[in-house]
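The values are calculated or read from the model by the stated rules, or taken from the named source; none is laboratory data. Just so we're clear, the structure is a prediction, and the values are computed from it rather than from any experiment. So basically every Cβ, Gly included, is an ideal-geometry build from the backbone, and we count neighbours across all protein chains shown.
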Amino acid sequence: MARLKTLGPRIKESAGSRVKVLSPGSWRSGMTSSQRGYDYKWQKAREGYLNDHPLCVFCERNGRIAAARVVDHIIAHRGDMALFWDQKNWQSLCKPCHDSVKQAEEAAGLSD
């Protein structure tokens, strides 16, 4: 029986293949996450906050218990570093709530 040759990778990801969803003129256009404040200092603060607030606040409101993985800014900071670091503006969310419920609220203009 003939041996098949390895085809190797036929599809290569180009540098610009990721879709960026940003509004034109967004405050974060062209900035890395570190430039937006999500650097090592944030990672340490986030870790401490999640240790102190381990449950998703959205799930708790609905009688569920879920481990939080995201520290969310209740009011979008949009580059305002005072608001970014204000812990009264932080809430613990599980990833599904952050990526669905919170994003839908922001899109509808309900949180801000």
In this structure, is V71 under 11 Å from the mean Cα position of the chain (by Cα) and touching a residue at least 24 places away in the same chain (Cβ under 8 Å)? yes
Looking only at the range 78-100, how many residues end up being within 13 Å of the chain's Cα centre (by Cα) and either more than 21 Å from Y49 (Cα to Cα) or without any contact (Cβ under 8 Å) to a residue 40 or more places away in the chain (or both)? 8
Scan the range 56-112 for residues that are over 23 Å from D39 (Cα atoms), among the β-branched types (V, I, T) and modelled with pLDDT under 95 and jot them down. V101
Which fully enclosed helices (runs of 4 or more DSSP H) of the range 50-112 have 1 or more residues being surrounded by 15 or more Cβ atoms within 10 Å (Cβ to Cβ)? 57-61, 81-85
